[in-house]
Amino acid sequence: MKIEFTLNHQKMSIEAPPELRLLDLLRDYCGLTGTKEGCGKGECGACSVIMNSKLVNSCLVPVCQIDDSEIVTIEGLEKNGELDVLQQAFINAGAVQCGFCIPGMIMAAKALLMQNPHPSEEEIKKGLSGNLCRCTGYAKIIEAVAGLAGNNNRL
Ligand code: FES
Ligand code: FES
């Protein structure tokens, strides 16, 4: 089927099987490999992207559901060659180890801060609870998001 949608602020029109996963469309058809596949069944959050301002697991979304939607991936956060403040906050806080979970974690944090610019620590933990990290112990990740949450004019 022909799928028309907006990807990282650009209009796209792609022919793909309707049952194809959004995750595969992004990685294999669009070359956006920042979005990762972990579990492939909605449990790890590595494949998180923002669809119509809401966080989704792209491994669970068939592309027949994305027609006319607006998708933002980790690649869409950078502007004019500059990292998004969240990406920079993760680096500054030393919140990245192997990095596999980080694109999904940042998209989850972005979705949270879009809805709630001043989340409490508990709200940050809840907002990121669908994203698993096997390396960091989460403390630095929460610190990175909390640093921005207290200063939302940087968002
Ligand atoms: S790969 Fe989609 S939630 Fe794990
Ligand atoms: S930094 Fe390695 S899985 Fe999170």
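Worth pointing out:
- Filter result for Asn57 (modelled with pLDDT of 95 or more, surrounded by fewer than 16 Cβ atoms within 10 Å (Cβ to Cβ) and outside the structural domain of Cys98 (by TED's automatic domain parsing)): no
- Candidates Gln97, Gln115: the one that is modelled with pLDDT of 95 or more and either within 11 Å of ligand 2 (Cβ to nearest atom) or farther than 17 Å from Val49 by Cα (or both) is Gln97.
- For region 38-74, a residue qualifies if it is under 20 Å from Leu132 (Cβ atoms) and assigned to a helix (DSSP H, G or I), and the qualifying residues are Ser58, Cys59, Leu60, Ile74.
- Residue match in region 135-153 (condition: closer than 19 Å to Asn52 by Cα and of a type in the set (A, V, I, L, M, F, W, C)): no
- Test: residue in region 128-138 that is out of contact with any Cys (no Cβ under 6 Å at 6 or more places or on another chain), more than 16 Å from ligand 2 (Cβ to nearest atom), over 17 Å from Cys47 (Cα atoms) and not β-branched (Val, Ile, Thr): no
- One residue stands out among those in region 129-145 that are free of Cβ contacts under 8 Å to residues at least 24 places away in the same chain and not in a helix (DSSP H, G or I): the one that is nearest to Glu70 (Cα to Cα), which is Ser129.
- In the set Thr6, Thr35, only one residue is assigned to a loop (DSSP other than H, G, I, E, B) and of a type in the set (Val, Ile, Thr); that residue is Thr35.
- Matching residues in region 10-31 - criterion: being in contact with a strand residue (DSSP E or B) (Cβ under 8 Å, 6 or more places away or on another chain) and in a loop (DSSP other than H, G, I, E, B): Ala16, Pro18, Glu19, Leu20, Cys30
- Any pair with Cβ under 8 angstrom, 6 or more apart, that starts in region 27-44 at a residue that is within 16 Å of ligand 2 (Cβ to nearest atom) and ends at one that is polar (S, T, N, Q): Gly34/Thr73; Thr35/Ser48; Thr35/Ser58; Thr35/Thr73; Cys44/Asn131
The values are calculated or read from the model by the stated rules, or taken from the named source; none is laboratory data. For clarity, every value in this text was computed on a predicted model and none was experimentally measured. Glycine also receives a Cβ, built like all others from the backbone with ideal geometry; neighbour counts cover every protein chain displayed.
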